[in-house]
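The values are calculated or read from the model by the stated rules, or taken from the named source; none is laboratory data. Because the structure is a prediction, the values reported are computed rather than measured. When we count neighbours, we look across all protein chains shown, and the Cβ atoms used for this are built from the backbone with ideal geometry, even at glycine.
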Amino acid sequence: MKKVQQGFTLIELMIVVAIIGILAAVAIPSYQNYTKKAKFTELVLATAPLKQAVDECVQSQGLGAGTPVTGCAPGSNGIPANPTATGMIGTIFTDPSGNGKITVTSAIGAGLVDSVNTYSYILAPSAVNNNGGVNWSTDPTSTCLAAGLCK
């Protein structure tokens, strides 16, 4: 009688374990980066009320197209003085010089964006556009750019 093979050989099991190890080595860092990006979106979204306040400040002053943003300091012209930082946000504020620049930094701790590093997201208003609003760009000094958390 012919004996039928039952189960897997040791080599076959070792090959499967090696393949799973390689996939895990690639997948885990990608997943961790993805979760950091997902958590960082809270910081990006937190800038929306301040962006709107700067836009309203620009419109209420009647700044013309092509002019730089001025007079939008915290506590004046509708800009909140000290916004409350909660959740993933460590600090959030508008530049006191009145140029409308918005800075948000992440909080440090387990379960937050990062348990060791803090990241900054700085939005800089460019000149006033033709519609009376402000065009925004991410400041190159933002640490979230190097970490790949923001655009």
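I'd like to know if segment 118-133 contains one or more residues that are polar (S, T, N, Q), in contact (Cβ under 8 Å) with a residue 24 or more places away in the chain, surrounded by 11 or more Cβ atoms within 10 Å (Cβ to Cβ) and within 14 Å of VAL44 (Cβ to Cβ). There is at least one residue in segment 118-133 that is polar (S, T, N, Q), in contact (Cβ under 8 Å) with a residue 24 or more places away in the chain, surrounded by 11 or more Cβ atoms within 10 Å (Cβ to Cβ) and within 14 Å of VAL44 (Cβ to Cβ). Just one of the listed residues (GLY100, GLY109) is on the phi > 0 side of the Ramachandran plot and buried (at least 20 other Cβ atoms within 10 Å of the Cβ), namely GLY100.
Restricting segment 43-61 to residues that are surrounded by 17 or more Cβ atoms within 10 Å (Cβ to Cβ) and not aliphatic (A, V, I, L, M), the residue that is farthest from ASN130 (Cα to Cα) is THR47.
Please specify each residue of segment 39-51 satisfying the condition of being under 14 Å from ASN99 (Cα atoms) and of a type outside the set (A, V, I, L, M, F, W, C).
Filtering segment 39-51 down to residues under 14 Å from ASN99 (Cα atoms) leaves 50-51.
Listed by number, the list holds a single entry, LYS51.
The residues of segment 58-112 that are touching a residue at least 40 places away in the same chain (Cβ under 8 Å), touching a Pro at 6+ places or on another chain (Cβ under 9 Å) and not hydrophobic (A, V, I, L, M, F, W, C), listed by number, are PRO68, THR94, GLY100.
Taking segment 62-94 as the range and being surrounded by 14 or more Cβ atoms within 10 Å (Cβ to Cβ), of a type in the set (A, V, I, L, M, F, W, C) and under 23 Å from ASN129 (Cβ atoms) as the test, the residues that pass are LEU63, VAL69, CYS72, ALA73, ILE79. When ALA107 is tested against (1) at pLDDT below 90; (2) closer than 23 Å to LEU149 by Cβ, just one condition goes unmet, and that condition is (1).
Condition test on SER76, is it modelled with pLDDT of 90 or more and assigned to a loop (DSSP other than H, G, I, E, B)?
Working: modelled with pLDDT of 90 or more: no; assigned to a loop (DSSP other than H, G, I, E, B): yes.
Answer is no for this residue.
Of the residues making up segment 134-151, just one is surrounded by 13 or more Cβ atoms within 10 Å (Cβ to Cβ) and charged (D, E, K, R), namely ASP139. Applying a threshold of 9 Å to beta carbon distances and a minimum spacing of six or more residues, or different chains, the list of pairs starting in segment 37-52 at a residue that is closer than 17 Å to LEU149 by Cα and ending at one that is in a helix (DSSP H, G or I) reads PHE40/CYS144; PHE40/ALA147; LEU43/CYS144; VAL44/CYS144.
Select, from ALA81, ALA124, ALA85, the only residue that is among the aliphatic types (A, V, I, L, M), touching a Ser or Thr at 6+ places or on another chain (Cβ under 6 Å) and either closer than 13 Å to ALA53 by Cα or assigned to a strand (DSSP E or B) (or both).
On the way: ALA81 fails: touching a Ser or Thr at 6+ places or on another chain (Cβ under 6 Å); ALA85 fails: either closer than 13 Å to ALA53 by Cα or assigned to a strand (DSSP E or B) (or both).
Criteria check complete, one pass: ALA124.
Assess whether ASP139 counts as being at pLDDT 90 or above and over 13 Å from the mean Cα position of the chain (by Cα). Show your work before the answer.
Working: at pLDDT 90 or above: yes; over 13 Å from the mean Cα position of the chain (by Cα): no.
Criteria not met by ASP139.
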